[in-house]
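Okay, structure first, notes after.
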Amino acid sequence: MNQLEQLKKFTKIVADTADFESMKQFKPQDATTNPSLVRVSTETDARLSYDVEGSIKKARRLVQLYEERKIPRERVLIKVASTWEGLNAAEQLQKEEIRCNLTLMFSLPQAVRAAEAKVQLISPFVGRIYDWYKKEMKRDYTGPEDPGVQSVTEIYTYYKKFGILTEVMGASFRNIGQIRELAGCDCLTISPELMKELSESQEPLERKLDPEKAKSAKVEKLELDEKKFRWLLNDNAMAYEKTGEGIRKFAADVVKLEKLVASKL
């Protein structure tokens, strides 16, 4: 049995692609963009990342558009940035049975607030965390010492320790070593290239993340209010910089898309 098949035994595989042929080949459970599969993540406008009401309004409209096309809201995940405002918007949306995927997540405080908001799923970014540390520390990281792997492991352990039902989906992988270290995570979103590498390996795959082991971990509960959240995020240079950078990049993509659509009208 190849490593991709082994991984599917204890982790839900999500296709990080819009390539339908790759989805057919590797048979993931969910997709980031394909509406014919089980769940699809659809991003709100990144320019609303600091606008609670604007994010809520946009999410409601997106869900309405899906429902008008006979796609039920339970098959849609609305992607919202993990800012204080985005997290508050997601909390309200979840109460309206609009399920949210909290993206641009780089720290435990963001994950804790997402848990308090009872969001459906969070997407901590393994690769972008790794990139930051590799650049800043001028060294490479492998295995369990990888800062991106450590971040997702910390969040997963916290969630299972305290019985939090929000799904943890590791995202943004740079190599299959990172995926192997997170085997057992609730979900992993993987590119076709990395799924292919896993499918070509016949080596045994060890489960690294286990809910029962996490329950016995020595972890203290983190209490948050807005002031503490903002300070802890600001105090984490990597998380602060990568959150802002991600929002700017996503917003730039929205502008490009708007210009492309306008040019076709």
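The values are calculated or read from the model by the stated rules, or taken from the named source; none is laboratory data. Treat the numbers as computed from the prediction; the structure is a model and nothing was measured. All Cβ positions, glycine included, derive from the backbone under ideal geometry; neighbour counts span all protein chains shown.
Among the numbered conditions (1) of a type in the set (A, V, I, L, M, F, W, C); (2) outside any strand (DSSP E or B); (3) more than 16 Å from Leu4 (Cβ to Cβ); (4) at pLDDT 95 or above, tell me where Val168 comes up short.
(2)
Quick check, is Lys208 of a type in the set (Lys, Arg), surrounded by fewer than 16 Cβ atoms within 10 Å (Cβ to Cβ) and over 16 Å from the mean Cα position of the chain (by Cα)?
Spelling it out, it is not the case that Lys208 is of a type in the set (Lys, Arg), surrounded by fewer than 16 Cβ atoms within 10 Å (Cβ to Cβ) and over 16 Å from the mean Cα position of the chain (by Cα).
Name every residue in segment 239-265 that is of a type in the set (S, T, N, Q) and either touching a strand residue (DSSP E or B) at 6+ places or on another chain (Cβ under 8 Å) or touching a residue at least 60 places away in the same chain (Cβ under 8 Å) (or both), in order of residue number.
Taking segment 239-265 and keeping what is of a type in the set (S, T, N, Q), we get 243, 263.
Passing the criteria: only Thr243.
Conditions (1) of a type in the set (Gly, Ala, Ser); (2) in contact with a strand residue (DSSP E or B) (Cβ under 9 Å, 6 or more places away or on another chain); (3) farther than 19 Å from Val152 by Cβ, marked per residue:
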| site | (1), (2), (3) |
| --- | --- |
| Val63 | no, yes, yes |
| Lys70 | no, no, yes |
| Leu77 | no, yes, no |
| Gly86 | yes, yes, yes |
| Gln94 | no, yes, yes |
| Glu97 | no, no, yes |
| Leu102 | no, yes, no |
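Of the conditions (1) farther than 13 Å from Leu7 by Cβ; (2) in contact (Cβ under 8 Å) with a residue 12 or more places away in the chain; (3) of a type in the set (Lys, Arg); (4) not in a loop (DSSP other than H, G, I, E, B), Arg174 satisfies every one except a single condition; which number is it?
(4)
Among the residues of segment 132-153, is there at least one that is crowded, with 24+ Cβ neighbours inside 10 Å, over 27 Å from Val52 (Cα atoms), touching a Gly at 6+ places or on another chain (Cβ under 8 Å) and not aliphatic (A, V, I, L, M)?
Within segment 132-153, one or more residues are crowded, with 24+ Cβ neighbours inside 10 Å, over 27 Å from Val52 (Cα atoms), touching a Gly at 6+ places or on another chain (Cβ under 8 Å) and not aliphatic (A, V, I, L, M).
I need every pair where a residue in segment 200-215 that is part of a loop (DSSP other than H, G, I, E, B) has its Cβ under 6 Å from the Cβ of a residue that is small (Gly, Ala, Ser) and surrounded by 11 or more Cβ atoms within 10 Å (Cβ to Cβ), sequence separation at least 6 or different chains.
Leu205/Ala183; Arg207/Ala183; Arg207/Gly184; Lys208/Ala183; Lys208/Gly184; Leu209/Gly184; Asp210/Gly184
Please work out which residue is farthest from Met105 (Cα to Cα), limiting yourself to segment 30-59 and to residues that are among the polar types (S, T, N, Q) and modelled with pLDDT under 55. Walk me through how you get there before you give the answer.
First, pick out the residues of segment 30-59 that are among the polar types (S, T, N, Q): 32-34, 36, 41-42, 44, 49, 55.
Add one more test, that the residue is modelled with pLDDT under 55, and what stays is 32-34, 36.
Values: Thr32: 16, Thr33: 19, Asn34: 23, Ser36: 27 Å.
For segment 30-59, the residue satisfying everything is Ser36.
All but one of (1) of a type in the set (Lys, Arg); (2) surrounded by 11 or more Cβ atoms within 10 Å (Cβ to Cβ); (3) closer than 22 Å to Val149 by Cα hold for Lys228, so report the exception by its number.
Failed condition: (3).
Can you name the condition, by its number, that Asn2 falls short on among (1) polar (S, T, N, Q); (2) modelled with pLDDT of 95 or more; (3) closer than 20 Å to Val168 by Cα?
(3)
Among the residues of segment 71-81, is any crowded, with 18+ Cβ neighbours inside 10 Å, of a type outside the set (A, V, I, L, M), assigned to a loop (DSSP other than H, G, I, E, B) and under 12 Å from the mean Cα position of the chain (by Cα)?
Looking through segment 71-81, none of the residues is crowded, with 18+ Cβ neighbours inside 10 Å, of a type outside the set (A, V, I, L, M), assigned to a loop (DSSP other than H, G, I, E, B) and under 12 Å from the mean Cα position of the chain (by Cα).
Out of segment 234-247, which residues are part of a helix (DSSP H, G or I) and surrounded by 11 or more Cβ atoms within 10 Å (Cβ to Cβ)? Break it down into steps so the answer makes sense when it comes.
Pass one, segment 234-247, residues part of a helix (DSSP H, G or I): 234-235, 237-247.
Matches in segment 234-247: Asp235, Met238, Ala239, Tyr240, Glu241, Lys242, Thr243, Gly244, Glu245, Gly246, Ile247.
Each row is one residue, and each column tells you yes or no for (1) in contact with a helix residue (DSSP H, G or I) (Cβ under 9 Å, 6 or more places away or on another chain); (2) modelled with pLDDT of 95 or more; (3) of a type outside the set (Phe, Trp, Tyr).
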| position | (1), (2), (3) |
| --- | --- |
| Val152 | yes, yes, yes |
| Tyr158 | yes, yes, no |
| Pro192 | yes, no, yes |
| Leu198 | yes, yes, yes |
| Ser201 | yes, yes, yes |
| Phe229 | yes, yes, no |
| Asn236 | yes, yes, yes |
| Tyr240 | yes, yes, no |
